[in-house]
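Structure incoming, see below.
The values are calculated or read from the model by the stated rules, or taken from the named source; none is laboratory data. This structure is a prediction, so every number in the text was calculated from the model and none was measured. Positions of Cβ are backbone-derived with ideal geometry, glycine not excepted, and every protein chain shown enters the neighbour counts. Side chains included, ligands, DNA and RNA excluded: accessible areas come from the protein's heavy atoms. Shrake-Rupley method; radii C 1.70, N 1.55, O 1.52, S 1.80 Å.
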Amino acid sequence: MLLRLTLRQPPPGRISLAGIVPDRLATMSTAEIERLPLRWGRETPALGEFFSVAGTPGPHLVFEGMDARFCDAARGMAAGECEIEGEAGDFVAAELAGGRVTVRGSVGAFAASGMRGGELHVSGDAGERLGAALPWLAAGMQGGRVIVDGNAGARCGDKLRRGEILIGGDAGDFCAARMVAGTIAVAGRAGAHAGYGMRRGTLLLFGAGVALSPTFVETAFVSEVYLRLLRRHWRASLGEGAFAARANEAAEWCGRRWLGDLASDGRGEIIVLT
């Protein structure tokens, strides 16, 4: 069973799609779905004003022709599968509890913020604060997996508490800042101040010449067994994409390990793979 929402016309401004998730729509009729209210400032236009609805409600939802002015896509989804064809705005898959969200395009800021489970796969780029905490919250992403084939903006994984973020391209400044636990891996280059205020967790970077803060101290080379198990895990679970290509490269990895941020709790680690 597949429900398809196809964009009729571009939105007049930033519109929230909060609550338009497959596990909620599965029990509704097509007419009920078309009447669902969206949020645009103080107004609540019906979903049918912007999307044509076709197919059968169930565990699989597809947005076609999406526009970056639609925010909160798949926010709070607990089960099922959501596919987004095109660009998406801020807060994609925020507070995701389960299921799989696939975006065939780029996403805005705060994607996967507050995520607790499931998987988000973005074939394009992600905006700033991917998987990061909202300014007034103590924790960002708390579980699940995020895969971005392109680049990620600044403060990726800020206050990450649990889960896995895999970036196939570059990451902006302050990647893994104030990280509490979890894993972030960047196949391209990381910007300045990577691991700033990091308390625990693991940040994996690829390539020589990575500039690290002086509050990180080198400890030892990384176990070859750990690196083999890590690659085996990624190869078995990633499928396709830019990061999957990095995991499937022929050359063996070796790694150097830094401990920090010593200006904070000091038990995080940055592993540079070559």
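Please report, in Å, the Rg and the Dmax of the chain, where both are computed over Cα atoms only.
In Å, with Rg to one decimal and Dmax whole: 19.4, 62.
Taking the dipole about the Cα centre of the stretch 13-105, with the C-beta of Lys and Arg at +1 and of Asp and Glu at -1, give me whichever of Trp40, Val62, Gly105 is farthest to the positive side.
With unit charges placed on the Cβ atoms, the residue in question is Trp40.
Now for a different question. Cα gyration tensor of the stretch 134-246, axes a ≥ b ≥ c as square roots of the eigenvalues: rounded (a/c below 1.5), prolate (a/b > b/c) or oblate?
Numbers: a/c = 1.42, a/b = 1.17, b/c = 1.21.
Rounded.
Next question, about the same structure. Could you please report the charge total around Met28, scoring K, R as +1 and D, E as -1 over all other residues with beta-carbon less than 12 angstrom from its beta-carbon?
-1
Whole angstrom only: what separates the Cα centroid of the stretch 182-212 from the Cα centroid of the stretch 113-157?
Cα centres, the stretch 182-212 to the stretch 113-157: 15 Å.
Using Cα pairs under 8 angstrom and six or more residues apart, how large is the relative contact order of the stretch 29-135, in percent?
Values: 276 pairs, mean separation 18.7, N = 107.
The value is 17 percent.
So, with +1 on the Cβ of K and R and -1 on the Cβ of D and E, and no other charges, what is the size of the charge dipole of the chain about its Cα centre, to the nearest 20 debye? Write down the numbers at each step before the final one.
Details: 30 positive and 30 negative charges, 139 e Å.
Magnitude of the dipole: close to 660 debye.
Using modelled amide H (1.01 Å from N, peptide plane; none on Pro or chain starts), what sits under 5 Å from the amide H of Ala190, excluding residues fewer than 5 places away?
Ala171
Would you mind checking which residues have amide H under 5 Å from Leu2's amide H? H placed 1.01 Å from N; only 5 or more apart, or other chain.
Result for Leu2 returns Thr56.
Do any GluC sites (Glu not before Pro) in the stretch 213-274 lie in a DSSP loop with no more than 14 other beta carbon atoms within 10 Å, and if so, which?
Glu240, Glu249, Glu252
If you don't mind, another one. What accessible area per residue, rounded to a whole number of Å², is obtained for the stretch 212-266 using a probe radius of 1.4 Å?
Per-residue accessible area for the stretch 212-266 comes out at 61 Å².
Let me ask another. Identify which of Leu227, Leu262, Leu96 has the largest mean-square fluctuation in a Gaussian network model of the chain, with springs joining Cα atoms closer than 10 Å.
Comparing Leu227, Leu262, Leu96 in a Gaussian network model of the chain, the most mobile one is Leu227.
Solvent-accessible area per residue for the stretch 1-141 at a 1.4 Å probe radius, Å²?
Values: 5670 Å² over 141 residues.
Normalised by residue count, the accessible surface of the stretch 1-141 is 40 Å².
All other residues with a Cβ under 12 Å from the Cβ of Ala68 taken together, and with Lys, Arg as +1 and Asp, Glu as -1, what is their net charge?
Within the 12 Å Cβ shell, the charges total -2.
Separate question: Got a number for carbon plus sulfur as a percent of the chain's accessible area, 1.4 Å probe?
Looking at the chain in its full context, I get 51 percent from C and S.
Also, I was wondering about something else. Working from Cα positions, state the angle (0 to 90°, nearest 10) between the long axis of helix 224-237 and the longest principal axis of the chain.
The answer is roughly 10 degrees.
When the Karplus curve 6.51 cos²θ - 1.76 cosθ + 1.60 is applied with θ = phi - 60°, which whole-Hz ³J(HN,Hα) does each residue of the stretch 165-182 get, with x for Gly and Pro?
10, 10, 10, x, x, 9, 10, x, 5, 6, 4, 6, 4, 6, 5, 9, 6, x
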